[in-house]
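Read through the structure below, which is laid out as structure tokens, and then see the notes.
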Amino acid sequence: MSFLNDEVDEIRGREKLPENVQKFFSENKEGEIDYDEIIPEDEKIQLNKKFQLDPELYQDFTEELYPDSLNFYDFEVFRHDWLVVIINPVEKMKHIIANDSEALRRYYNKHDDQIWVGYNSRNYDTFILKSILVGINPKKTNDDIIVRGISGHKISKKFRNYNLYNFDVYQKNGLKTLEGFMGNDIRETEVDFNLPRKLNPPEMRQTVKYCQHDVEQTIEVFRRRKELYESQVQLIETFDLPKYMISLTQAQLTANILDCKRVEGRDDEFDLQLVDTLRIKKYKYAKEWFENPVNLDYKKSFTLDVCGVPHQFGWGGLHGCPEEPLHLKGNIFHVDVISYYPSIMIVYDFLTRNCKDKKNYKKIYDIRVALKEAGKKKEQAPYKIVLNGTYGICKDPYSSAFDPRQANNVCVNGQLMLLDLLEHLEKYITLIQSNTDGLIVQVKDSSQIDKFREICKEWEDRTGMGLGFDEIDEIWQGDVNNYIFKFANGKLERKGAYVMELDELNNDLPIVNKALVDYLTKGIEPEETIRNCNNLKDFQKIVKVSSNYRCGFHNGEYLNDKTFRVFASKSNNDGSILKCKYPIGAELMGEDGKKRIYKGEKFADTPEHCFIYNNDVNGILVTEKLNKRWYIDLAEKRLEEKFGVKLNDDALF
């Protein structure tokens, strides 16, 4: 009997859950599961099927591009069942294996020299695979990782007997959130992962469908971030590293490239070495503050007005900008210290002392600078992450590169050198903002630009740092973390949650983002931008029920899905979408000893009246139900709160 092509949707039933809420709010005690209770595999639904993929859909996956091949995979684990879907777009094959450990073993043995790719597979799927191979109940491994928070590496020493070249394409959000951003179907299986019995055929069909969907979506994420994989491979080849290091994080890979060996017993975390190239007089208080033993505490910081702008200094970097939003034109320069922290490490020998081969770090630095100068933004980004990641692993007590003294030397001297530059420039500039690795300034008079550059050149020669100069025609700034500036060539640089450049893997409320940017840079009213848009995807707000909550709730129903695509609704019959820790209406005892009725908690930045559309939204047009007024009001609110713009106030332009 086939479990793959039947009417999967029929077992899904209603989009909303039945009234029974035990699935969400019953306490599933650890002791209720007997991991030694094993139903023989031949008494369960077994699958071992393979399918030929349509080559037209995977033309971008060739043996020439991926000589080690790629096996995209995802496991689903239940109390008595497990399932894995493996798609190899290079070989153009798909395999579905359920409850057949020998079939999985055969597949692994045939492909153990290839690359396996998953989403968060470094922390989960890798260990489920190895559990099945060594004969450990995968449900126990699942619960060890998810319920009990045990690292997969600590579950069994037997895992070491099976090597897996695993590349994790994980981004900062969960896979379902990324699927939502892409506009794809984000509905989830309704099959309970803690069912006390084996799955029946309809439940297996549904599980196959949704697992296969997640593997296909992992491939889509890989396609949009393939430069991360390519750079990992390039780093391994460049530094002649073993193939298994494809499985490491970039920070771990950096520690291996630098051949770091852990050193114990140092007690010099705050033994600062201030560089002898500093020339600070007016703002010497900052230097003295770091030299004062009383301030050797990561919780401490201080504020200092520099160039008439309040600045925050401390053990994590500096930042400063005017307290009010601004909009300026003319003689504006973005002065960026090229690879600032890595440069400090190289020039002043502040690289981790656990490093045995500093030449490799310099080699990565040179590659990154060359790529950046060639305008290859995507290609240089992974090298930037590796270079800047070295600073982070110096602070990581679990890393072989751990050397907090060197990290403090980099951070403190970085702040003081920028302060040095500002002190020497102060007479000639209006400061727009300072941040960790650069400045944005407006030269007061065009006749002083040569002097401005002369001072910068002296600072470069004295400190050994390099500066990049980008001329800015116009800037709109809310604060140091929210701004737009337009270069002389018309290109925009955008930073901040409200105005940053979005893409398919970061695509929340895109129409509001566009409305802000178009108003600030083109003077187009937000209402015009929003009214003229009829692509439903552009109005999506993606929210997710975190592990701190049990489920979502909307229009009187508890919701099966954990991730939701939300839209503002004109209908007053549509309510808010809520996240719930307890059943709606439950009586809770407050800290004051008084009872209260639990009403759920509204997701941030969602409308009071909304509808949910978790199907594929690509190509779907807006309907009369969509309340565009809500998006217009939100855009106008953000303009005023972040950029100080009132739409009836023409002072900005």
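The values are calculated or read from the model by the stated rules, or taken from the named source; none is laboratory data. Predicted, not measured: the structure shown is a model, and the values here were computed from it. Neighbour counts are summed over all protein chains in view; Cβ atoms, including those assigned to glycine, are modelled from backbone coordinates with ideal geometry. When the accessible area is computed, the model is the full protein with side chains, heavy atoms only, and any ligands, DNA or RNA have been set aside. Shrake-Rupley method; radii C 1.70, N 1.55, O 1.52, S 1.80 Å.
Are there trypsin sites (Lys or Arg not before Pro) in region 83-190 that DSSP marks as loop and that have at most 10 other Cβ atoms within 10 Å, and which are they? Mind showing how you got there, number by number?
Details: sites: LYS92, LYS94, ARG105, ARG106, LYS110, ARG122, LYS130, LYS139, LYS140, ARG148, LYS154, LYS157, LYS158, ARG160, LYS172, LYS176, ARG187; in loops: LYS92, ARG122, ARG148, LYS172, ARG187.
Passing sites in region 83-190 are ARG148, LYS172.
By the gyration tensor of its Cα atoms, with a ≥ b ≥ c the square roots of the eigenvalues, what is the shape of region 290-400: rounded for a/c under 1.5, prolate for a/b over b/c, or oblate? Verdict is oblate for region 290-400.
Which whole number in µm²/s is D for region 383-456 by Stokes-Einstein, with the Kirkwood Rh taken over Cα pairs at 10 °C and 1.306 mPa s? It would help to have the intermediate numbers written out before the result.
Numbers: Rh = 14.4 Å.
Estimated diffusion coefficient is 111 µm²/s.
The distance from the alpha carbon centre of region 553-582 to that of region 373-452 is 44 Å, rounded to a whole number.
Highest mean packing comes first when the peptides 440-449, 592-601 are listed by Cβ atoms within 10 Å, giving 440-449, 592-601.
Apply 1/(1 + (r/R0)^6) to the Cβ-Cβ distance of SER301 and TYR35, taking R0 = 41 Å, and write down the FRET efficiency to the nearest 0.05.
Working: r = 50 Å, r/R0 = 1.21.
About 0.25, to the nearest 0.05.
Evaluated at q = 0.16, 0.19 Å⁻¹, the base-10 log of the normalised Debye intensity for region 27-170, with identical point scatterers placed on the Cα atoms, takes the values -0.87, -1.18. When you filter the trypsin sites (Lys or Arg not before Pro) in region 239-296 for DSSP loop state and at most 14 other Cβ atoms inside 10 Å of their Cβ, you are left with LYS261, ARG262, ARG266, ARG279, LYS281, LYS282.
Under a Cβ-Cβ cut-off of 12 Å, what is the net charge of the residues other than ASN163 that fall near it, where Lys and Arg count +1 and Asp and Glu count -1? Let's see the in-between values first.
Details: positive: LYS130, ARG160, LYS243; negative: ASP112, ASP113.
That sum, taken over residues with Cβ under 12 Å, equals +1.
Roughly how many debye, to the nearest 20, is the charge dipole of region 263-371 about its Cα centre, given +1 on each Lys and Arg Cβ, -1 on each Asp and Glu Cβ, and no other charges?
Working: 16 positive and 16 negative charges, 96 e Å.
Around 460 debye, computed over region 263-371.
Take every DSSP beta bridge whose two residues both sit in the chain; close to 90 percent of them are antiparallel. Distances between placed amide hydrogens fall under 5 Å for ASN71 paired with ILE115, TRP116, VAL117, all partners being 5 or more residues away or on another chain.
Straight-distance candidates among the lysines for linking to LYS261, with alpha-carbon spacing under 21 Å and chain neighbours fewer than 8 residues away dropped: LYS243, LYS356, LYS358, LYS359, LYS362, LYS363, LYS395.
Rolling a 1.4 Å probe over the protein heavy atoms of region 498-653, with every protein chain left in place, gives an accessible area that is 44 percent carbon and sulfur. All C-alpha pair distances within region 486-546, sorted into 10 Å bins from zero, spread as 20, 48, 26, 5, 0 percent across the bins. In a DSSP loop and with at most 15 other Cβ atoms within 10 Å, the chymotrypsin sites (Phe, Trp or Tyr not before Pro) in region 294-369 are TYR298. Computed from the Cα positions only, the extents of region 507-653 along the three principal axes stand at 55, 39, 28 Å, in decreasing order. Its residue count N sets the reference 2.2 N^0.38 Å, and the alpha-carbon radius of gyration of region 581-641 equals 1.69 times that reference. Taking amide H as placed 1.01 Å from N in the peptide plane, the amide H of ILE136 sits under 5 Å from none that are at least 5 places away or on another chain.
Working note: Karplus 6.51/-1.76/1.60 with θ = phi - 60° gives region 73-81 the couplings 8, 7, 9, 10, 10, 10, 4, 10, 9 Hz, where Gly and Pro are set to x. Work out the P(r) tail for region 527-583: percent of alpha carbon pairs separated by more than 16 Å, whole number. Tail of the P(r) past 16 Å holds 53 percent of the pairs.
Computed from backbone phi, the HN-Hα couplings of region 434-445 come to 10, 9, 3, 10, x, 9, 10, 9, 10, 6, 4, 9 Hz, rounded to whole numbers (Karplus: 6.51 cos²θ - 1.76 cosθ + 1.60, θ = phi - 60°; Gly and Pro given as x). Label-to-label distance for THR249 and ASP271 is 2.8 nm, based on points extended 7 Å past Cα in the beta-carbon direction.
Distance check, please: which entries in LYS94/LYS562; LYS94/LYS176; LYS172/LYS514; LYS541/LYS628; LYS594/LYS637 exceed 25 angstrom between their Cα atoms? Listed pairs above 25 Å: LYS94/LYS562; LYS594/LYS637. Per-residue extension of 0.36 nm, minus the Cα-Cα distance of GLU601 and LYS172, leaves a gain of 152.1 nm for this segment.
Stokes-Einstein diffusion for region 150-206 at 37 °C, viscosity 0.692 mPa s, with a Kirkwood radius from C-alpha pairs, works out to 213 µm²/s.
Please say if region 247-321 is rounded, prolate or oblate, where rounded means a/c under 1.5 for a ≥ b ≥ c the square roots of the C-alpha gyration tensor eigenvalues, and otherwise the choice is prolate for a/b larger than b/c and oblate otherwise? Mind dumping the intermediate values first?
Values: a/c = 2.40, a/b = 1.83, b/c = 1.31.
Note, shape of region 247-321 comes out prolate.
Applying 1/(1 + (r/R0)^6) with R0 = 25 Å to the Cβ-Cβ distance of LYS457 and GLN234, what FRET efficiency is obtained, to the nearest 0.05?
Using R0 = 25 Å, I get an efficiency of 0.15.
The modelled label-to-label distance for the pair GLU324/GLU43, using points 7 Å beyond Cα in the direction of Cβ, is 7.8 nm. In the assembled protein chains, GLU373 presents an accessible area of approximately 150 Å² (probe radius 1.4 Å).
Shape analysis of the chain yields a ratio of the Cα radius of gyration to the Kirkwood radius, Rg/Rh, of 0.99. Based on alpha-carbon atoms, the Kirkwood radius and the radius of gyration of region 90-210 give Rg/Rh equal to 0.95.
Binning the C-alpha pair distances of region 434-492 at 5 Å intervals from 0 yields a P(r) profile of 4, 14, 21, 25, 19, 14, 2 %, listed from the shortest bin outward.
In order along region 587-598, the Karplus-derived 3J(HN,Hα) couplings, from 6.51 cos²θ - 1.76 cosθ + 1.60 at θ = phi - 60°, round to 8, 10, 9, x, 5, 7, x, 9, 7, 9, 9, 6 Hz, and Gly and Pro are given as x. Rounded, prolate or oblate, given the Cα gyration tensor of region 185-252, with a/c below 1.5 counting as rounded? It comes out prolate by the Cα gyration axes. When the helices of the chain are scored as -39500 (n - 2.57) per DSSP H run of n ≥ 4 and the total is divided over every residue, the value at 222 nm lands at -10000 deg cm²/dmol.
Carbon-plus-sulfur accessible fraction, region 343-470 (probe radius 1.4 Å, protein heavy atoms only): 51%.
For ASP473, the residues whose modelled amide H falls within less than 5 Å of its own, excluding neighbours fewer than 5 places apart on the same chain, are LYS486, PHE487, ALA488. In this structure the chain gives 47 Å² per residue of accessible area when probed at 1.4 Å with all protein chains present. Rg and Dmax over the alpha-carbon atoms of region 133-266 stand at 18.8, 60 Å.
Look at the alpha carbon pairs under 8 Å that are at least 6 residues apart: their mean separation over the length of the chain gives a relative contact order of 13 percent.
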